[in-house]
Every structure is written in C-alpha cells, then in structure tokens.
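Below you'll find the structure, written out as structure tokens, and then a few comments.
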Amino acid sequence: MSAMVEAVGVRKTFGDLEVLRGIDMTVATGQVVCVVGPSGSGKSTFLRCINHLEEPQAGRIRVDGELIGYEEVGGRLRVLPEARLCRQRQSIGMVFQRFHLFPHRSAVENVMEGPVTVKGRRRERAREEALALLDRVGLADRAHHYPAQLSGGQQQRVAIARALAMAPKLMLFDEPTSALDPELVGEVLQVIKDLAADGMTMIVVTHEMGFAREVGDHLVFMDDGVIVEQGPPRDVLRSPRHDRTRAFLSKVL
Amino acid sequence: MSSTNLPPATAAPTGRGAEGEHEDLTIRATHPPRPGRWLAALVAGLALVWVGWSIAVNPNLHWDVVVDYQFDAVVLQGLWVTIQLTVISMVLGVLIGVVAALMQISDSRILRTAALAYVWFFRGTPLLVQLIFWFNLGLIFPEFSLGIPFDGPKLASWSTNAIITGFVAALLGLTINEGAYMSEIVRAGLKSVDPGQQEAAESLGMPHRKVMLRVVLPQAMRVIVPPTGNQFISMLKTTSLVSVIAGADLLTVSQRIYLTNFEVIALLIVASIWYLVLTTVASIGQHFIERRFSRGYGTSVPLDRRIGSNLLFRRRRSADRP
C-alpha cells in the first residue's frame with residue numbers, strides 16, 4: 001500500500017495566531033480519512049495546505065510522492081513555477097463548504113470549465129463527459145440550470161462533479177455538508193460514499209460522525225492546531241483515549 | 001411600482017377549493033382618496049404644459065433655423081467626431097482601467113503604487129485642465145523622438161505640435177482621465193467577487209490569468225457594467241469640453257456656426273437634440289448589455305423560458321447546448 005499523501009511537520013500561522021502546530025499525516029492510496037474537531041482547530045487550514053491554497057510556514061507535503069508547491073534545488077527550496085503548481089492541483093480535487101460554483105455558468109458548464117480551460121479538452125467531448133458526471137451524481141436533468149436555480153444539496157453535487165471532471169487522484173472535502181439544510185445532507189453524503197466505494201482516496205473534514213464511522217477508514221481528531229488522537233473510526237468514537245476527544249465527542253454525538 | 005399599477009387579478013378563483021365551494025373571493029378593493037398626490041400631479045402637469053407652451057410659441061427660439069441646421073453637413077461632421085471621441089476614449093479608457101485595477105490588486109508594491117499615483121493624479125485634477133495641458137504639450141516637450149532614453153542618441157524625431165492636433169489632444173485627455181475613473185469601477189467589481197470563486201478556480205488547476213479572465217472578470221462585469229454605461233453616457237456629453245481646444249466635436253462646430261450667423265440658441269438646441277439622441281440610444285444599449293451580464297443571478301425562471309425572452313443573445317447560448 002503506497003502513500004497518496006504524506007504530510008510532515010506542517011505549521012501555519014496567521015499573524016500571531018498559530019493555526020497548525022506541526023501536523024503529520026499519511027493517507028494511503030484508496031483510503032478515506034475523516035478529520036474531525038472543534039471549529040478553529042485548523043482542520044480546514046490543513047486541508048487547504050494540501051493543494052497549496054494556503055502556504056504553510058514549515059513542513060513538507062507530498063502528494064503521490066511529489067512535493068507540493070516547492071521544488072528542492074541543490075538542497076534549497078524554491079517556489080514552483082505557476083504552471084507546475086497548476087499541474088499538481090489538477091490531480092487534487094477540492095470541494096468547499098460553500099460550494100463556490102461559478103454562478104454565471106450552468107451546471108454542465110461548471111463541470112466542463114476545468115477540462116476545457118485547463119486541459120484543453122474539446123468542448124463537445126468535455127460536454128459529454130460532464131453530462132455523464134452529472135448523471136453519476138444524479139443531476140442529469142439539472143444540467144442546464146444555473147447554480148442559483150439549484151438547492152444546496154444539488155449545488156454541492158455539481159461541485160463534486162466539477163472536481164471529478166479533472167480526474168483527480170485525491171479528493172479533499174472541506175465540510176461538504178455544513179452549509180446544507182439537514183434534509184439535503186444525505187444526498188451529498190451518498191455521492192461521497194459512492195466515490196469511496198469506487199476506491200477514491202479522500203480526506204473529508206466533517207462534523208458527520210455517523211458518516212465518519214460508516215465510510216472512514218481512519219479518523220483524525222484535531223484540536224488547537226495538533227492531531228490529538230487518531231485511529232480506526234469505531235475505536236476513536238467508541239473509546240476515545242484523550243480528555244479533549246471525549247469532551248468534543250460528548251458535545252457532538 | 002405603486003400599488004395602483006398592479007395588474008388586475010387574472011385567473012380569479014372560481015370557487016373550487018380543497019374544502020369545496022367558496023363564494024368569489026377576488027380582491028377588488030378601492031384606494032382611499034389621495035388629495036395630496038392629485039394636487040402634486042396637477043401642479044406638475046400645469047408646469048409641463050406652461051414650459052412646453054412658452055418654448056413652442058417663443059419667437060426668439062428660431063425653430064426654423066433649428067430645422068435647417070439639424071442635418072447640416074458641418075453639424076453631422078461634428079456629430080461624427082463626438083461619436084468617435086466617445087467610443088475610442090471609452091474603449092481605451094476601459095482597457096487602461098482594467099490594467100490599472102489589476103495593478104492595484106497586484107502583489108507587487110511598485111505596481112500598486114504606480115496605479116494609485118495614476119488614479120490620484122488624474123481624478124484629482126479637472127479634466128478641462130488636463131485637456132488644455134495635452135493640447136499644449138509642445139510647450140514642455142517640443143519634440144518626440146525615437147531612440148535611447150535619458151538623452152541617448154536619437155533615431156528619429158517629430159515636432160510635438162504636428163502630432164498633437166486638437167483631436168489627438170482630446171483623445172489623450174479623455175482616455176487617460178476615463179482610465180482613472182474606470183480603474184476604480186473595475187476595482188470595485190473585482191472586489192465584489194467572492195474570494196471563494198478564485199479558490200475554486202485555482203483548485204481546478206487554473207493559472208492566475210485564466211482565473212481572472214474566465215471566472216473573476218465575468219462575474220465582476222455584473223458590477224462593472226452599469227456604472228460603465230453611465231460613464232459612456234456621461235462621456236458623450238463630456239466630449240463637449242474639447243471645444244476649448246478646437247476638438248471639432250459637435251459643440252465646437254455648432255459654436256463655429258453661431259459665431260458667424262449669431263443663432264446661438266438655435267444651434268445649441270441643434271447640438272442638444274443630437275446629444276439627447278445619442279444618450280437615448282446608449283441607454284437602450286446599456287439595458288440589453290446589463291441583461292446579458294446578470295445571467296445566472298437572482299432568477300428562478302428556467303433557462304429555456306428566459307432564452308425565449310432574450311432573443312437578442314439567443315444564438316450564442318443555444319450554441320452551448322447539445
């Protein structure tokens with residue numbers, strides 16, 4: 001089993017605030033890692049470091065063996081040229097809490113956007129693939145709707161299809177159901193579940209403990225910028241070893 | 001819209017509800033009297049009639065001269081110059097504005113400072129002063145030359161006064177001034193776009209230039225277009241300022257004519273009618289462009305039905321459908 005993600009000693013500060021205080025994490029290919037923890041614990045920031053939306057101040061993150069955001073030249077780090085960072089990001093799909101669909105484009109155009117503008121795919125071919133992806137997330141009949149005409153759950157499923165259109169090796173989910181009405185959570189989790197069943201490597205920051213237990217291969221509990229505890233979801237959720245984990249779980253379960 | 005303008009309730013319920021028969025419950029309520037509004041309307045109406053009448057019958061207005069000169073060749077020539085000045089300076093002004101706005105949000109302090117200094121200077125001095133300045137550029141730089149800067153050898157040179165004609169000075173002044181205003185409009189537009197949009201595009205692996213062109217700018221357009229339309233309409237009339245540097249625009253030629261035949265008011269009316277025509281046409285264009293850029297916002301009408309009512313842009317959209 002090879003490692004898809006290898007993070008070592010990742011640190012990030014915003015001004016005086018130390019958000020990440022040395023995160024180590026390894027995600028095997030095909031593994032689903034769920035990251036839980038109170039808000040402000042640094043889970044989202046860590047996720048955003050993996051595709052370099054945030055630049056960490058220390059640490060190394062490797063995805064599929066490749067150092068993210070930098071290259072080592074003669075023992076020194078150099079910021080990657082834009083084109084190469086973009087190529088790294090192509091293989092890392094990301095789904096945001098607030099969807100961030102392109103509001104001026106219809107659902108199918110949202111999904112086509114990456115393949116057409118980044119990979120130079122022909123429009124007709126990209127459209128066919130986009131429609132197939134929308135079908136996969138159960139939205140074939142909404143292809144020509146604009147995001148404002150879709151429910152939150154539908155928008156998030158389009159966002160997942162948009163990320164999948166780049167054929168990523170790794171998917172990052174940043175609280176994908178936190179902005180949804182309760183009755184819409186299920187449809188989004190189902191799509192993520194299907195992806196897991198297809199063997200996609202995923203890191204899911206979530207507050208859905210039931211989902212973490214059912215779908216996650218590994219559970220990471222973060223608090224105050226560090227990983228407090230991790231292990232098989234069932235074990236961590238049933239018998240947490242640390243007080244902080246216990247305190248958090250007693251509030252959310 | 002005032003409540004009196006509401007359309008009458010169509011599809012009046014005929015009485016078959018879930019629970020069975022109802023009497024006709026359609027609301028046909030009358031308003032209480034509004035004497036204040038009636039009085040105001042009466043005063044406004046009378047004032048309108050009085051103004052119209054005093055203009056129509058006024059012998060000093062020489063309507064026959066207005067009719068004579070409305071389509072005069074010289075006037076039309078001036079009209080054409082005004083249109084050229086407006087369109088060229090707006091197009092170039094928008095381009096400069098976009099560049100200056102992108103410089104203002106750049107990571108480079110030098111680019112930001114340069115853009116800020118540009119906006120500060122050209123918004124901070126009167127356009128009239130700038131126009132006169134450009135027209136007299138030859139007083140500071142008597143000649144233009146091609147060669148090594150900082151007093152190096154020169155390959156070729158031209159007299160400034162030969163290059164800076166009234167038209168060129170007018171274009172320079174209007175364009176550079178407009179760019180400063182447009183830069184602020186574009187910057188406001190760029191700032192109005194949710195930063196999450198940029199992140200979403202970056203996470204797809206889009207390079208910065210494409211993020212701007214494909215994702216941020218099109219959304220910023222929704223905020224940029226309405227004030228730009230206003231700038232355009234305002235520019236149509238601002239071009240009249242170039243009459244002070246013999247810009248050969250609509251007002252300049254009208255002045256030249258009334259300086260010879262002393263029909264001052266008649267020719268100002270001729271010019272004003274043309275300005276009104278231009279601004280009206282521009283307003284209609286603005287309406288359609290705004291509609292184009294509000295695509296995907298604040299509507300729950302399905303695309304198919306919206307396309308039907310938006311025939312003007314139908315082809316482009318239907319090309320994007322299977």
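The values are calculated or read from the model by the stated rules, or taken from the named source; none is laboratory data. Please read all numbers here as calculations on a predicted model, not as lab measurements. For neighbour counting, all protein chains shown are included, and Cβ atoms are generated from backbone atoms with ideal geometry for every residue, glycine included. To get the accessible areas, we keep the full protein, side chains included, count just its heavy atoms, and leave off ligands, DNA and RNA. Shrake-Rupley method; radii C 1.70, N 1.55, O 1.52, S 1.80 Å.
Key figures
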read-out: Heavy atoms of B:Y181: accessible area, 1.4 Å probe, square angstrom to 10; value: 90
read-out: Loss of accessible area when A meets B, both sides summed, Å² nearest 100, probe 1.4 Å; value: 2800
read-out: DSSP beta bridge pairing in the protein assembly as shown, given as percent antiparallel to the nearest 5; value: 65
read-out: Helix-derived mean residue ellipticity, 222 nm - over the protein assembly as shown, DSSP H n ≥ 4, -39500 (n - 2.57), to 500; value: -16500 deg cm²/dmol
read-out: Debye intensity ratio in log₁₀ form over the Cα atoms of segment A:101-167, taken at each q of 0.23, 0.24 Å⁻¹; value: -0.86, -0.93
read-out: Projected label distance in nm at B:H22 and A:D16, using a 7 Å step from Cα toward the beta-carbon; value: 6.4
read-out: Candidates A:L219, A:L139, A:L77: whichever shows maximal mean-square fluctuation once chain A is modelled as a Gaussian network with Cα springs under 10 Å; value: A:L77
read-out: Proximal lysines to A:K43, defined as alpha-carbon separation beneath 22 angstrom and excluding residues fewer than eight positions away on the same chain; value: A:K12, A:K169, A:K193, A:K251
read-out: Paired Rg and Dmax values of segment B:61-293, which use every Cα atom, in angstrom; value: 21.3, 69
read-out: Residue-count net charge about B:A100 - beta-carbon cut-off 13 Å; Lys, Arg +1, Asp, Glu -1; value: +1
read-out: In Å², nearest 10: area of A:K43 left accessible to a 1.4 Å probe; value: 10
read-out: Surrounding net charge for B:Y118, when Lys and Arg each add one and Asp and Glu each subtract one, Cβ distance under 14 Å; value: +1
read-out: Eligible lysines near B:K210 by straight Cα distance, threshold 21 Å, same-chain separation 8 or greater; value: A:K119, B:K191
read-out: Environment charge of B:E184, counting only residues whose C-beta is closer than 15 Å and scoring Lys/Arg +1, Asp/Glu -1; value: +3
read-out: The protein assembly as shown: C-alpha pair distances exceeding 40 Å, %; value: 50
read-out: Stokes-Einstein translational diffusion, chain A - Kirkwood Rh over all Cα pairs, 0.692 mPa s, 37 °C, in µm²/s; value: 174
